[in-house]
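To keep things clear, I will list the structure first and then write my remarks on it.
Values in this text are rule-based calculations from the coordinates and carry no lab data. This is a predicted model, so every value here is computed, not measured. Because the Cβ atoms are built from the backbone with ideal geometry, glycine has one as well, and the counts that use them run over all protein chains shown.
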Amino acid sequence: MSTDTSQDSQTVSAVVTAAARAAAALVPATTELVPGSPVSDPDGVPLPPGAASAVSAGLSGEVSGDIVLVVSADVVEALSNSPVGRMDVAAALRPALEAAAATLGRVRIASERVEEPVAALDGLRDKGMFVAVPLMAGGEHQATFALQVTLPAAQTQRGSLDLLRHVAMEVTVEIGRTRMTVQELLSLHPGEVVELDRAASAPADLLVNGTLIARGEVVVVDEDFGLRISEIVTDAAAAELGQPA
């Protein structure tokens with residue numbers, strides 16, 4: 001193995017461990033989960049005892065690849081018997097995947113789905129750099145976090161976008177987010193205010209197919225909400241929209 005390849009592997013392992021630590025903080029558990037030793041051999045990935053389900057998702061943005069989070073039967077059962085009703089495993093674990101993706105830069109997750117653990121991990125083979133990290137609690141293996149990334153390559157000249165000019169895309173305006181525990185959700189009542197993680201004066205985000213493109217000011221147009229664009233987020237996005245950055 002060359003020195004450059006070895007350094008790349010060490011860098012990816014460190015990055016994936018940081019992503020695993022962010023995901024671990026949001027995985028349902030009775031005690032805090034901490035990352036164990038990373039594994040880069042797909043054939044040697046440790047699974048938690050009683051591994052019941054895996055949530056897989058694709059990564060897009062500054063880093064592309066796939067992400068997998070394997071959880072135990074206890075977690076699946078707790079979600080199935082939630083006091084607010086049966087909770088979808090993929091939806092419940094999406095915040096953990098989003099937290100992990102956020103450590104990688106401007107990266108979003110999409111197409112999350114529930115799979116059988118072994119099949120989900122097999123799907124990461126031979127696609128790019130692979131690292132798996134066991135998530136431990138009190139020395140016991142509780143979950144497994146795995147990430148396959150494709151390192152960015154030099155950009156090539158893109159073809160004409162004329163064929164895509166009239167393709168409809170979902171556009172969403174997001175004014176903020178928050179996180180709440182199940183107990184907090186159960187205590188909500190009419191008239192209560194839920195505080196978001198964004199100041200009232202901060203711009204709203206414009207997302208196109210889930211990708212952050214621009215920011216702006218929320219306005220009212222003929223009794224409907226609208227967004228006055230104040231910033232195109234990246235040069236790449238600006239080029240796509242035909243506007244100066």
Which net charge results for the neighbourhood of Pro49, defined as the other residues with beta-carbon distances under 11 angstrom from its beta-carbon, given Lys and Arg at +1 and Asp and Glu at -1? -2
Sort the following peptides by mean Cβ neighbour count (other Cβ atoms within 10 Å, averaged over residues), highest first: 80-86, 41-47, 207-213. 207-213, 41-47, 80-86
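Want the number for Asp122 to Ala25: 0.36 nm per residue separation, take away the alpha-carbon distance, what's left?
Values: separation 97, 0.36 × 97 = 34.92 nm, distance 2.53 nm.
Roughly 32.4 nm would be gained on extension.
Taking N as the number of residues in the range 42-107, what is its alpha-carbon radius of gyration divided by 2.2 N^0.38 Å? Working shown, then result.
Details: Rg = 13.6 Å, N = 66, 2.2 N^0.38 = 10.8 Å.
Expressed relative to 2.2 N^0.38 Å, the Cα Rg reads 1.25.
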Estimated Rh, the range 77-135: Kirkwood, alpha-carbon pairs, angstrom: 13.6 Å
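Quick one: in the range 3-150, what % of C-alpha pairs are over 28 Å apart? Don't skip to the end; give the middle numbers.
Numbers: 1257 of 10878 pairs.
Taking all Cα-Cα pairs of the range 3-150, the fraction more than 28 Å apart is 12 percent.
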